[in-house]
Amino acid sequence: MRVVVCLKQVIDPLTPATALVLDASAKKIRGGAANPPVINGFDEQGIEAALRLRETNEDVEIVCVAVGERFNNDVMKRSLAVGADQLILVQDPSLDTWNAYPIAATLAAVIRQIGGADLVICGRQGSDWDNGLTPFILAEQLGMPLLTLAKRVSITGETRIEIERALADGSMTMDAALPAVVTVTSELGALRMPSVSARLTAARKQPRQIALAELDVAATPSPAPEVVDLTIPVTSRICTFIEAADGPGAGARLAEILLQTGAVRLGGER
Amino acid sequence: MQPTGENMADASYDAIVIGGGHHATIISCYLAKAGLKVAVLEGHTALGGGAVSEEAPAPGFRQNPHAHFTRFYGHPAYADFNLREEGLEYIFPEQNEGMIFEDGSSFIGYSGYRVVDPKTGRTEEAPDNVRKTYDQIKSFSQRDADSYLRLFEQYQKYWKKAFHKHRFTAPTPWREPDALEALCDIPDSGIEPVHQFMSVRQCAYDYFESPELRTLFMRATPTSGGCFPDDAMGLQSLVHVMGLVLSFEPAAIVKGGTQSITDALVKAGKKLDVEYLTGHEVDQIIVENGAAIGVQLARGGSMRAPLVVSDLGVPQTFLRLLRNHPIGDKLLHRVRNIHYDRGQIFWGNVAMHELPKYTADNVNPGVGSQPRLYTGAKDPEYMASRYQHDIFLLGFPQQPYILTAPDSIWDRTRAPDGQHTILIEDFTAPARLFSGRDWGRIKEEFTNRALEEWRKYAPNMTKDNIIGTRIYGPYDVQAGKPDMIEGGWTEGSMFASQLGRFRPFPELSGFRTPVKNLYMCSSNLHSAGGIGRGSSYIAAKIISQDRGLPRFWESAGREF
Ligand SMILES: Cc1cc2nc3c(=O)[nH]c(=O)nc-3n(C[C@H](O)[C@H](O)[C@H](O)COP(=O)(O)OP(=O)(O)OC[C@H]3O[C@@H](n4cnc5c(N)ncnc54)[C@H](O)[C@@H]3O)c2cc1C
């Protein structure tokens, strides 16, 4: 049984804000060379879900697929270190896009090219833009049912999938025939740590690269949504030293300034 | 409403020190003693930079998040400002470095010099200790034991004095030998010209034959000199590391933790009217007609002074603070290429109920209570060829070499009664090699592996014995210390091509800058990273010479 896990490379959410650069003309945010990217955290949980499936079903083959502009191999190879059998990368400048459609279509084309999948696992959304659209389009493209927000995934009787779905106050169990697409959520738990020897072995393995041109990608329907502008809130600080003879005087003066500048309002004007 | 600082421009200072780190707290005292009105501007809320302590890893315990091993009693400022009177007190255990190997064998180094006056740190030779160290080494190699005796003689006769002078003297110009290079010309000094260019591994193999001392030397070098086995360590680190590995120098424990150094210096500075302004991050150096005339603060406002000293690294000083003052393409190119990929450590304390009980103590009584104790495999081949490789690939070595420092044995202010706290260290990779998320994971993994490893040597180090741990890595260091680029302790790699007259690169190694009235004093310059090193002392001498201030070193009767 083949399980495909879709991976996205994103800016490390822990990157300090001061290190992020907003490229307004390209409408992109960049993390800089000093801050390596990570595999989207929800996608890492997708790998964990696949690894758990393999613990109960020996014949599970895990193939990780990532499409994007350019990858940091050391980062993506963590998937191999934890136990994925194969890592496939499709790198192309056109895949540096905000639009989920060509991404999903390329993922679908890879899955078709490698002979299909019994189960496709995606993270619930990318931690960079939080769109969460790719799995929906992917399921549509592959003609598979979509089960979302799984915190537990299991295969029943070889041919069916059962998930426990995370709800705000409870859970829901769903079932579908394979092949299917599943999205996983953080309740599933973090990706396990690879052993040192597995990391060393993974360091020697290389991902399989497929050129975009080799794939039969469905055309993106127009009109597609477009990012018009990206801005970050502008903050500024002004510092004022309060001159006063003593503490109470300074307090009174502070209150006065806060009122004058409108930082604080009294009465009913909220 | 007046924007900040403009009003402060009236408060007149003769000198502004940018950054309130370790070297700022030293140089401000010297400048103030020369009669200048000095302001120290620190961006954070605390002074001291890398010389601080905190309550960690549990309430009632005291930990040094950055510098831990210090010998500030050896710095001229200790006497010049009566720091002992200001509360800076050292305790001197009679052993220094030890190592326990995987096979249960071990080595204890007894201090070749003994402190006879704890007030000044004055030492005398300790022949009984030399004999004991000799016997320790003899148990695994007669040749190395003989080398030890010869090296101790050479250390006494030549190395120690030259090392001290080198540390507190500006680098000499190219072709003019400095105090250490001069030893190459003395036939029986034990230092030959080739040693200037030997890698750590070559030095280890050249001076010793035993796997014990080779392993210890290669492991101790990154801790004391910041170099990995394939780096050319340079004479400065060779002499320093040898003095520690063979325990020629006594160990020193600072009472109250490293913070005591900063506290004493600041106390001394306040008596000399130094003004310490925290929360004053500097954003730019104001330059007029090619001369520094003050600084612009990040929160707005400016302050003026006819003398500006930067305790920041060369990159921050030039790429940020002088961003509007072009210094030329060649210089900029060199600033951007300063090498920082050395000296990254996992570093922190483990608080515990009882001290580790090492099984090796049955064979070699007393091993385990050395102020610096290493554990690991007796495997110089691994150290020489794979230690760094693993670290850069995985974030930690496959064969751990943990350093522990049980200071609370001697300094009871570090832990509550009946409990202890021990510093642990091993080396790791430059911050940029892993994402913030991965650093979180690797740090957790390192901590678990270190504790597991510890149990191999001291079976009582079980989870039940541990009260808490707090470990920092390069990612944490870099986040709080903009000049410790890549999160290493060295503030710029300390291999031969970035030491002495080449630190951080030849054109900017002289403490003066292309901007008039602007000087530098940080560990990014000679004599490099570490508490009590000479950069700020040398900068103070250069400023005094340039400005005709009193020659304080001469009045103290010091050659340097
Ligand atoms: C983890 C670690 C372990 C270490 N262990 C040891 C040890 O065991 N023994 C030892 O001797 N040394 C050790 N060191 C090294 C030692 O701490 C440093 O060599 C020493 O602190 C360097 O002093 P400095 O004055 O050059 O820099 P710092 O002490 O870092 O001082 C620079 C100061 O400038 C401030 N600053 C930065 N930018 C600005 C700005 N724009 N405006 C205003 N202020 C600013 C910073 O906040 C900081 O306080 C260690 C360092 C680290 C990080």
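Every number in this text was worked out from the coordinates using simple rules, so none of it is lab data. The structure displayed is predicted, hence computed values, not measured ones. Positions of Cβ are backbone-derived with ideal geometry, glycine not excepted, and every protein chain shown enters the neighbour counts.
What is the sum of charges around A:Ser186, taking Lys and Arg as +1, Asp and Glu as -1, for the other residues whose C-beta is under 12 Å from the C-beta of A:Ser186? Summing Lys and Arg as +1 and Asp and Glu as -1 gives -2.
May I ask what percent, to the nearest 5, of DSSP beta bridges between residues of chain A are antiparallel?
Numbers: 19 of 44 bridges.
Within chain A, antiparallel bridges account for around 45 percent of the total.
Hey, what number do you get for chain A at 222 nm if only DSSP H runs of n ≥ 4 count, each worth -39500 (n - 2.57), divided across all residues, to the nearest 500?
On the way: 7 runs with 71 residues, N = 270.
So the calculated ellipticity at 222 nm is -8000 deg cm²/dmol.
Computed from backbone phi, the HN-Hα couplings of the range A:235-245 come to 10, 9, 10, 10, 10, 10, 8, 8, 8, 7, 6 Hz, rounded to whole numbers (Karplus: 6.51 cos²θ - 1.76 cosθ + 1.60, θ = phi - 60°; Gly and Pro given as x). Spatial offset of the range A:159-218 relative to the range B:262-294 amounts to 55 Å, using the alpha carbon center of each. Across peptide B:435-442, the mean count of Cβ atoms from other chains lying within 10 Å of each residue's own Cβ comes to 6.
Here the range B:386-476 was treated as a single set of alpha-carbon atoms; its pair distances binned every 10 Å from 0 give 15, 44, 30, 11, 0 percent. In this calculation the C-beta distance from A:Glu140 to B:Leu277 is compared with R0 = 51 Å, giving a FRET efficiency of 0.25. Placing dummy labels 7 Å off each Cα toward the beta-carbon, the span from A:Ser197 to A:Leu254 is 6.3 nm.
Modelled this way, with points 7 Å down the Cα-to-C-beta line, the labels at B:Ser12 and B:Glu554 are 2.8 nm from one another. Listed by chain and number, the aspartates and glutamates whose alpha-carbon sits under 12 Å from that of B:Lys456, ignoring those within fewer than 8 places in the same chain, are B:Glu102, B:Asp103.
Is any helix in chain B, taking whole DSSP H runs, at least 15 angstrom long along its axis by alpha carbon and on average at least 0.0 on the Kyte-Doolittle scale, and which ones?
Values: long enough: B:22-33 (18 Å, 0.48); B:127-138 (16 Å, -1.77); B:142-154 (18 Å, -1.26); B:211-225 (20 Å, -0.33); B:234-245 (16 Å, 1.47); B:259-271 (18 Å, -0.35); B:436-457 (32 Å, -1.75); B:535-547 (18 Å, -0.15).
Taking the DSSP H segments of chain B (at least 15 Å long, mean hydropathy at least 0.0), we get B:22-33, B:234-245.
In the structure shown, the pairs B:Lys165/B:Lys270; B:Lys357/B:Lys481; B:Lys33/B:Lys481; B:Lys138/B:Lys165; A:Lys8/A:Lys151 are assessed against 25 Å; a Cα-Cα span above that value is assigned to B:Lys165/B:Lys270; B:Lys357/B:Lys481; B:Lys33/B:Lys481; B:Lys138/B:Lys165. Label separation (A:Leu133 vs A:Asp74): 3.4 nm, computed from points 7 Å beyond Cα along the C-beta direction. Shape analysis of the protein assembly as shown places it in the oblate category; the axes a ≥ b ≥ c from the Cα gyration tensor give an a/c of at least 1.5, with a/b not above b/c. For the pair A:Thr261 and A:Asp229, the difference between a 0.36 nm per residue extended length and the Cα-Cα distance amounts to 8.4 nm.
Under a 5 Å amide H cut-off, with hydrogens placed 1.01 Å from N, B:Gly348 pairs with B:Ile424, B:Tyr472 among residues at least 5 apart or on other chains. For the pair B:Asp230 and B:Asn337, the difference between a 0.36 nm per residue extended length and the Cα-Cα distance amounts to 36.5 nm.
Multiply the residue separation of A:Glu158 and A:Glu61 by 0.36 nm, subtract the distance between their alpha-carbon atoms, and state the gained length in nm to one decimal.
Details: separation 97, 0.36 × 97 = 34.92 nm, distance 1.38 nm.
Result for the pair: 33.5 nm of gain on full extension.
Taking 14 Å as the straight-line reach from the Cα of A:Lys27, the aspartates and glutamates in range (excluding those fewer than 8 positions away in the same chain) are A:Asp96, A:Asp128, A:Glu226, A:Asp229. Simple rule: put +1 on each Lys or Arg Cβ and -1 on each Asp or Glu Cβ in the protein assembly as shown, find the dipole, and look at B:Ile409, A:Ile161, B:Tyr382; the Cα lying farthest toward the positive end is B:Ile409.
Amide H to amide H, with H built 1.01 Å from N, B:Asp341 comes under 5 Å of B:Ser493, counting only residues 5 or more places away or on other chains.
Across chain A, the mean sequence separation of Cα contacts (distance under 8 Å, 6 or more residues apart), normalised by length, yields a relative contact order of 22 percent. The range B:177-216 and the range B:81-97 have Cα centres spaced 30 Å apart. Size check on the range A:2-214: the Cα extents along the three principal axes, sorted descending, read 50, 38, 38 Å.
Over chain B, all Cα pairs binned in 10 Å intervals from 0 give whole-percent P(r) values of 4, 18, 29, 28, 15, 5, 1, 0, listed from short to long.
Of all DSSP bridge pairs formed entirely within the protein assembly as shown, close to 60 percent run antiparallel.
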